[in-house]
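The values are calculated or read from the model by the stated rules, or taken from the named source; none is laboratory data. Just so you know, these numbers come straight off a predicted model, no measurement behind them. Cβ placement follows ideal geometry from the backbone for every residue including glycine, while neighbour counts extend to all protein chains displayed. We work out accessible area using only protein heavy atoms, side chains counted, and drop any ligands, DNA or RNA first. Shrake-Rupley method; radii C 1.70, N 1.55, O 1.52, S 1.80 Å.
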Amino acid sequence: MNLQVAPSLLAADFARLADAVDMVNRSRASMLHIDVMDGMFVPNISIGFPVISAISRISEKPLDVHMMVMEPGRYVGAVRDAGAALMNVHYEACTHLDRVVTTIHDAGMKAGVTLNPATPVSMLEDIIGEIEMVLLMSVNPGFGGQKFITNTVSKVARLRELIERSGSHAVIQIDGGVDLTTAPALIEAGANVLVAGSYVFKSDNPVEAVDRLLALDK
Ligand code: DX5
Ligand code: ZN
């Protein structure tokens, strides 16, 4: 497997954002995960487009933007203009998911579809061939530092099976409560990209924390 790590900026010190981006630049992370929240789809509000634009000016890693907003199709152009390489939208937030995926591709970005913990992977059967990533939430979205939901491991296995069966090239990303204790079973089940917020940014040495996750790969 070629395991990838995507540090989630939500856990960084927002008074020192440039330092956090610099750390990710120096690390072996594959992408920088940015959480956008609207206070409707999820109870919290995080960062918006002006901040993402500023981050994209100094990030050497592709930006992976996780949209926790209702009807994210409204913001495809704004996400692209802010510098994102990949836009993740929630299945539960899109009335017309196929149209949103097409719009993301037409804007020149990779498309990811995200599932909340209670949404079954079978909901992706008719879109899996069109997307580059599936993001499985392993916590209920909205906040960093929550407890990992263990059912995610069997969900990864079921998604891996759907991907193989359909011939899709989508990678499997996991977000929420990922650390050295929860990651091994996820990797074993077939996860490709681990998002890690608290585990990386609350560590004494975030660059080494990324290395420790990558070292779990076989
Ligand atoms: C939660 C966000 C996550 C969050 C993960 O809604 O989507 O990306 O930053 O944080 P940890 O790794 O601390 O669970
Ligand atoms: Zn996220």
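Just a few scattered comments:
- Cut-off 17 Å, label 7 Å out along Cα→Cβ of Phe143, residues of segment 186-218 by amide N: 197-199
- Calculated mean residue ellipticity at 222 nm for the chain: -9000 deg cm²/dmol, from DSSP H runs with n ≥ 4 weighted as -39500 (n - 2.57), summed, divided by the residue count and rounded to 500.
- Between segment 1-61 and segment 174-218, the alpha-carbon centres lie 16 Å apart.
- Gyration tensor (alpha-carbon) shape descriptor, segment 29-87, a/c threshold 1.5: prolate
- In this structure Lys202 has an accessible area near 140 Å², from a 1.4 Å probe over the protein heavy atoms.
- Note on Lys202: lysines with a C-alpha under 22 Å away, same-chain residues under 8 apart excluded, are Lys61, Lys147.
- Virtual paramagnetic centre 7 Å along Cα→Cβ of Glu188, amide N under 20 Å, in segment 144-168: 148-162
- Solvent-accessible surface of the chain, taken per residue with a 1.4 Å probe and all protein chains present: 44 Å².
- Fraction of antiparallel bridges per DSSP, the chain only, in percent to nearest 5: 5
- Area accessible to solvent at Ile127, 1.4 Å probe radius, in Å²: 10
- Radius 12 Å from Cβ of Asp217, net charge of other residues (Lys, Arg +1; Asp, Glu -1): +1
- Of all accessible heavy-atom area on segment 17-73, the percent that carbon and sulfur account for (1.4 Å): 56
- Here r is the Cβ-Cβ distance between Asp19 and Leu216 and R0 is 35 Å; the resulting FRET efficiency, rounded to 0.05, is 0.85.
- Solvent-accessible surface of protein heavy atoms, probed at 1.4 angstrom with all chains present, puts Ile149, Ile47 in the order Ile149, Ile47, largest first.
- Rounded FRET efficiency, nearest 0.05, which uses the C-beta distance separating Ala107 from Arg28 and R0 of 35 Å: 0.75
- Gain upon complete extension [Thr119, Glu71; 0.36 nm per residue less C-alpha separation]: 15.6 nm
- Multiplying the residue separation of Thr150 and Ile45 by 0.36 nm and removing their Cα-Cα distance gives an extension gain of 35.2 nm.
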